[in-house]
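Read-outs: derived from the displayed coordinates by stated rules, not from any lab. Remember, predicted model here, so these are calculated numbers, not experimental data. Cβ placement follows ideal geometry from the backbone for every residue including glycine, while neighbour counts extend to all protein chains displayed.
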Amino acid sequence: MTARAANTRQVTYPDGAADHPTGAQPRQRTPSTLRTRQVQATSSANAGEYVGSVATTVDALSVDWWYTPAFDAVVTLSSEIPYYRGRKAVLAWNRHFGWSLGVHGLTQGNVLVVEGLGLGPAPDPAHCSDRVAELLTELADWAPLPASGLPAPRIVHGPDAPRG
């Protein structure tokens, strides 16, 4: 085996083929800084640090770890969505899909999701804070009526929700 052959890197296409019928070379994929940060933030070892950083940035009152398929963590904010006056707003995080804004449900262990932040799985905490402020402003006169054209909120049951 020659030195050149030993240093040749095997590159495959997304479909697993080593060569493509068109003869085109496979694209070299290099992870972006954002993707790398997202992978780090969503690993089990760094999830607590990431969620804590977001909670600090949004001046959260508390963080609850759910460890359910729906959400990994729910961060309670000090603000409210005006339509749901009397219930604190929450940021609910799923490591695969990202953050959603909502409120605590009427029963313990439930979250009523109103809107996703739309920033990806693990955006920078400052971006989360800015987007939350934007959404709270947008939702100042909002009501979940079919005529609004917006989807109705959905209830997500947490690990402590009563089953019935």
Prolate/oblate/rounded call for the stretch 87-137, Cα gyration tensor, a/c under 1.5 rounded: oblate
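Using per-residue counts of other Cβ atoms within 10 Å, averaged over each peptide, order 100-112, 77-89, 47-59, 132-144 from highest down. The partial results should precede the final answer.
On the way: 100-112: 18.9, 77-89: 15.0, 47-59: 17.4, 132-144: 13.5.
In descending order of packing, they fall as 100-112, 47-59, 77-89, 132-144.
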